[in-house]
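One structure is given here, and the rest of the page talks about it.
Bear in mind these aren't lab numbers, they're just calculated from the coordinates by the rules spelled out. Since this is a predicted model, take the numbers as computed values, not measurements. Reconstructed Cβ throughout: ideal geometry from the backbone, glycine too, with neighbour counts over all protein chains shown.
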Amino acid sequence: MNQTWLILIAVAVAAASVFLILLLIELRKTAQVLRDTLRSLEESTKTTLDELQLTLRSLRDVSDNLKEVSGNIKDFSGTVRDVGQTIGQVNNVLEGVTSSVLIKASGLRVGVKTALGVLMSGLFKNFFKKGGGQ
């Protein structure tokens, strides 16, 4: 019986040894696959980070360009506002000149009418005083 136990123990140790060897082989394969996966992931991450840095630089350049363009638009709108104010001032001056010319022309017309009326009245008085054209 002693021998039977020894054989059973030997078989159990052999089976456990085979199982452990197979387990170690599978663990080694898994570790190799995991190492390859991590290498691939590292390379992919590095490439992605490089592209991300380029994208961020491009975004920064676009942002700087937008700031410059908005500054130019502010300058342009200020210039347009100044031109509008200048046109308004010119319009006011022209209205003043036009109204002044119209007032002077109206006054001149009234003056000429009055002068002609006085002249005609004086001529008619003299004409009728002297006897009607003899």
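Table for the structure above
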quantity	calculated
Projected area averaged over orientations for the chain, convex hull of C-alpha atoms, nm²	19.8 nm²
Estimated 222 nm signal from helices in the chain, with DSSP H stretches of n ≥ 4 weighted -39500 (n - 2.57), rounded to 500	-37000 deg cm²/dmol
Nearest-ten-degree value, helix 2-129 long axis tilted from longest Cα axis of the chain	0 degrees
Net dipole in debye of the stretch 47-134 [+1 Lys, Arg Cβ; -1 Asp, Glu Cβ; about Cα centre; nearest 20]	1600 debye
